[in-house]
Amino acid sequence: MSDQHDFVAALLDPERDCPAELSSWNGADPSSRFAVYRNNVISSLVNALADSFPVVLQLVGDEFFRAMAQVHVHANPPRTRILAEYGEAFPAFIEGFPPASSLPYLADVARLEFLRIQAYHSADTAPLNAEQITTALSQPDRLDGMTLELHPSAAVLSSNFAIVSLWAAHQGEMAIAQVDPLRAEHALVLRNRLDVEVMGIRHGAALFIQALRTGQCFGEAAEQALAIDPEFDLSHLLAHLISTGALTGYRFAP
Amino acid sequence: MTLSLLADENSGAPALSSTLPLRAGIGLKSQHYRQILESQPQVGFFEVHAENYMVAGGPFHHYLQRIREHYPLSIHGVGLSIGAEHPLDEQHLDRLAALIERYQPQSFSEHLAWSSHGELFLNDLLPVAYNATTLTRVCEHIDRVQNRLQRPMLLENPSTYVEYASSTMDEASFISELIRRSGCGLLLDVNNVYVSCINHNWDALGYINALPLHAVGELHLAGFAEDRDSAGDRLLIDAHGAPVDDAVWRLYAQVLQLLGPTPTLIERDNDIPSLEVLVAEAQQAERQLALHRTPQRQALA
């Protein structure tokens, strides 16, 4: 095995001896110095996760979070050199982490936080302007067959838990005591200019947006959403998507 | 590095200069974006970590683009892993080339270190052994970078905590030979010199004097953390979480005696203080730079 292979194996496994060929000028045990690298690698990645998942951290406390994140870093070290991308596997890890099982909503809160990061760094795409929107909506007979493009940041997360309320409570937007975590909620994540917004939406709205995302046409998407959720207010959702710059393109059926 | 003769040391206009100004700059942190645009602080340049801007869009690019309109820029990579046994990651190099094309920085620098192994990224700057094998490999990697980017890069001397029994040359000789063979420049991190010299009982001025100082394109200053090894000796850690230590300021003054005014970055990546604190530290460096600027100008006159 190569030198760097041994070095990495020892970095990631605290039980392993430090690489044999390290030395120190004063005869100090090289492992006492190698420990600096071990600590740098693990603590910098734990810190990166703490920065990316602040609500998860608040929900479990600093000590628990760091212990959990450390297990994750050892099990799933980054396979990307871009730290904004690290953490994608963290929600699934949390889901399977037995000590966190008393907080069944934790993994979905983590999913919501990672969607926020992705939205924050997603591509800049210009929204439809007023003229384009007027053109698109002024032909009602062609509306049903129209497909809509959404801003790259737009994402929906449907959860069996109150992820939007839990998230809002940790932004100081509502009291945590008011939150029933076991109530299902649907989140719309969207970057509006420079700010990422998280909004609770109805089940029908979530279905509608997901249908648009998969390229279904407007009529089909609306029909499916209304079949499941008859109270879904399509015009209200469209107004919101327009005002937040989430509609970036449209195409009429040929 | 003859282009540096053309640089106007007082110019803040990025488009006019192809090298960093002979001034002090600071690391650009997202928490300071708005304040920088509003207050336009008196710093010579900003430096960013390349990997933080390898994202598709959003606020990071929004603000960097605007700040770049007002200040010279240094792009400093932390993920290229030039010291790795494996070949360079060509995709990463492509991303770097795109970033450099987009922002036209006055300087691009990376580290004499490795941070990846195969697919794994370790997010730390790990040490290389100093011998003929690693020298050849690192040279090949630097050649590849400079060919791909079509520009010379600066290579930063590392801070290290261990030495390799398989090293056959000292660090300064290794760096000198790298620079001679590859034609890259040197980013002399004065804090790293101090940290490594304490950690390995080297003589700091001897180390600096053994380097090809003509190739220095930028200096780094930062704070360290302090620990002890198992023998009870000082073990300094390049933590970037504290102000520049007095001992490093003294070494910086000695470096400026040797080099004359040189672009200098105040690095702070952890426990980020207010913008004012970083600007004040940059001004402290600027006062040192000014001491070395005037006599040289008179000598040239």
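A few remarks follow.
- Condition check for B:Asn191: touching a Gly at 6+ places or on another chain (Cβ under 8 Å) and assigned to a helix (DSSP H, G or I): yes
- Restricted to region B:241-252, and to residues there that are at pLDDT 95 or above and in a loop (DSSP other than H, G, I, E, B), the residue that is least open to solvent (accessible area, probe 1.4 Å) is B:Val244.
- With respect to (1) surrounded by 16 or more Cβ atoms within 10 Å (Cβ to Cβ); (2) touching a residue at least 60 places away in the same chain (Cβ under 8 Å); (3) outside any helix (DSSP H, G or I); (4) within 14 Å of another protein chain (Cβ to nearest Cβ), the lone exception for A:Leu148 is condition (4).
- Scanning region B:31-40 turns up one or more residues that are at positive phi and either modelled with pLDDT of 95 or more or not aliphatic (A, V, I, L, M) (or both).
- Filtering region B:68-85 to residues that are more than 20 Å from the chain's Cα centre (by Cα) and either at pLDDT below 95 or more than 13 Å from chain A (Cβ to nearest Cβ) (or both) leaves B:Glu69, B:His70.
- Residues being of a type outside the set (D, E, K, R), closer than 19 Å to B:Glu47 by Cβ and touching a strand residue (DSSP E or B) at 6+ places or on another chain (Cβ under 9 Å) - total across region B:167-194: 8
- For region A:232-250, the count of residues that are assigned by TED's automatic domain parsing to the domain that holds A:Asp141, touching a residue at least 60 places away in the same chain (Cβ under 8 Å) and part of a helix (DSSP H, G or I) is nonzero.
Here's the yes/no breakdown for (1) in a helix (DSSP H, G or I); (2) of a type outside the set (Ser, Thr, Tyr):
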residue	(1), (2)
A:Pro14	no, yes
A:Cys18	no, yes
A:Asn26	no, yes
A:Ser31	yes, no
A:Ile42	yes, yes
A:Ala50	yes, yes
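- Any hit, region A:85-95, residues being more than 19 Å from the chain's Cα centre (by Cα) and either at the interface with chain B (Cβ under 9 Å from one of its Cβ atoms) or outside any helix (DSSP H, G or I) (or both): no
- For region B:254-296, a residue qualifies if it is small (Gly, Ala, Ser) and crowded, with 17+ Cβ neighbours inside 10 Å, and the qualifying residues are B:Ala282, B:Ala285.
- Scanning region B:104-128 for residues that are at the interface with chain A (Cβ under 7 Å from one of its Cβ atoms) and not in a strand (DSSP E or B) gives a single hit, B:Glu119.
- Residue in region A:17-33 that is more than 7 Å from chain B (Cβ to nearest Cβ), of a type outside the set (S, T, N, Q), touching a Lys or Arg at 6+ places or on another chain (Cβ under 8 Å) and open to solvent by 20 Å² or more (accessible area, probe 1.4 Å) present: no
- B:Gly77 being open to solvent by less than 30 Å² (accessible area, probe 1.4 Å) and farther than 22 Å from B:Ile179 by Cα: no
- Counted residues, region B:94-134 - those being open to solvent by 20 Å² or more (accessible area, probe 1.4 Å) and either under 16 Å from the mean Cα position of the chain (by Cα) or among the basic types (Lys, Arg) (or both): 4
- Residue list for region B:237-247, restricted to those being touching a residue at least 24 places away in the same chain (Cβ under 8 Å), out of contact with any strand residue (DSSP E or B) (no Cβ under 6 Å at 6 or more places or on another chain) and at negative phi: B:Asp238, B:Gly241, B:Ala242, B:Pro243, B:Asp245, B:Ala247
- Scanning region B:138-165 for residues that are open to solvent by less than 40 Å² (accessible area, probe 1.4 Å) and within 14 Å of chain A (Cβ to nearest Cβ) gives B:Val138, B:His141, B:Pro158, B:Ser159, B:Thr160, B:Tyr161, B:Val162, B:Tyr164.
- For region A:91-124, a tally of residues being of a type in the set (Val, Ile, Thr) and outside the structural domain of A:Met68 (by TED's automatic domain parsing) returns 2.
- Meets criteria (crowded, with 18+ Cβ neighbours inside 10 Å, under 30 Å from the mean Cα position of the chain (by Cα) and closer than 21 Å to B:Tyr130 by Cβ) for A:Leu11: yes
- Pairs with Cβ under 6 Å, 6+ apart, first in region A:164-189 and farther than 15 Å from A:Asp108 by Cβ, second of a type outside the set (S, T, N, Q): A:Met174/A:Ala168; A:Ile176/A:Ala169
- Taken as a whole, the condition of being more than 30 Å from B:Tyr63 (Cβ to Cβ), surrounded by fewer than 21 Cβ atoms within 10 Å (Cβ to Cβ), of a type in the set (A, V, I, L, M, F, W, C) and in contact with a helix residue (DSSP H, G or I) (Cβ under 6 Å, 6 or more places away or on another chain) applies to A:Phe232.
- Considering each residue of region A:67-81 in turn, none proves to be open to solvent by less than 40 Å² (accessible area, probe 1.4 Å), in a loop (DSSP other than H, G, I, E, B) and more than 9 Å from chain B (Cβ to nearest Cβ).
The values are calculated or read from the model by the stated rules, or taken from the named source; none is laboratory data. The shown structure was predicted, so the numbers you read here are calculated from the model rather than taken from an experiment. Methodologically, a virtual Cβ is constructed for each residue, glycine included, from the backbone with ideal geometry; neighbour enumeration extends over all protein chains shown. Note: areas computed on protein heavy atoms with side chains; ligands, DNA, RNA excluded. Shrake-Rupley method; radii C 1.70, N 1.55, O 1.52, S 1.80 Å.
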